[in-house]
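Below: the structure, in structure tokens.
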Amino acid sequence: METARSLVLGLLDFVFPPSCLACDGRPVAAGGIFCAACAMTVDEVPPVVMMPETWPLRRLHAPLAYGGALAEAVIRCKHAGMPAFARGLARFAARRARLPQVDLVLPVPLHRARLARRGY
């Protein structure tokens, strides 16, 4: 069943190439989410924030720097009603994340009002 699904999806991608999640104008390479121009704006070096000594956490890490095409795609996903972008963005971040060994992973919760307004 999975093979048939992959075949159909591959055929659809060939006939209707997916467009860039950031600019929506140029096609992307197979398995990608950004066109070549937008991909160059993604900073893959994880930013590290050193916390004050009085805090119980010393360092905070993010998988990717928020900016460029990544920020544009996240904004489109969140505010332009395109939640289908989320899966592609999550896979993109997971493949490129270079985090050190971590003790804890914390999600950033969404306020109830924003959840109600956005719907997801």
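The values are calculated or read from the model by the stated rules, or taken from the named source; none is laboratory data. Just so it is clear, the structure is predicted and the values come from calculations on it, not from any experiment. Cβ placement follows ideal geometry from the backbone for every residue including glycine, while neighbour counts extend to all protein chains displayed. Areas reflect the complete protein model, heavy atoms only, side chains present, ligands, DNA and RNA absent. Shrake-Rupley method; radii C 1.70, N 1.55, O 1.52, S 1.80 Å.
Here's the yes/no breakdown for (1) over 22 Å from residue 29 (Cβ atoms); (2) over 10 Å from the mean Cα position of the chain (by Cα); (3) not β-branched (Val, Ile, Thr):
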| residue | (1), (2), (3) |
| --- | --- |
| 54 | yes, yes, no |
| 74 | no, no, no |
| 77 | no, no, yes |
| 82 | no, yes, yes |
| 85 | no, no, yes |
| 105 | yes, yes, no |
| 120 | yes, yes, yes |
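Could you look through the stretch 14-24, keep only residues that are within 18 Å of residue 74 (Cβ to Cβ) and of a type outside the set (S, T, N, Q), and pick out the one that is modelled with the lowest pLDDT?
In the first step, residues of the stretch 14-24 are kept if they are within 18 Å of residue 74 (Cβ to Cβ); the result is 18-24.
Next cut, of a type outside the set (S, T, N, Q) only: 18, 20-24.
On the way: 18: 75, 20: 85, 21: 85, 22: 88, 23: 88, 24: 79.
Checking each candidate, the answer is 18.
Being under 23 Å from residue 19 (Cβ atoms) and modelled with pLDDT of 85 or more narrows it down to one residue among 71, 94; which is it?
Exactly one residue qualifies, and that residue is 71.
Name the residue that is modelled with the highest pLDDT, counting only residues in the stretch 44-68 that are in contact with a strand residue (DSSP E or B) (Cβ under 7 Å, 6 or more places away or on another chain) and within 17 Å of residue 90 (Cα to Cα).
Step by step, filter the stretch 44-68, then rank; the result is 61.
Just to be sure I understand, how many residues within the stretch 64-120 are part of a loop (DSSP other than H, G, I, E, B) and open to solvent by less than 100 Å² (accessible area, probe 1.4 Å)?
So the answer is 15.
Return the residues of the stretch 74-84 that are touching a Leu at 6+ places or on another chain (Cβ under 9 Å) and modelled with pLDDT under 80; say none if nothing qualifies.
Going through the stretch 74-84, the residues touching a Leu at 6+ places or on another chain (Cβ under 9 Å) turn out to be 74, 76-77, 82.
The answer is 82, and nothing else.
Residues in the stretch 56-97 that are aromatic (Phe, Trp, Tyr) and in contact (Cβ under 8 Å) with a residue 24 or more places away in the chain: how many?
Within the stretch 56-97, residues that are aromatic (Phe, Trp, Tyr) and in contact (Cβ under 8 Å) with a residue 24 or more places away in the chain number 2.
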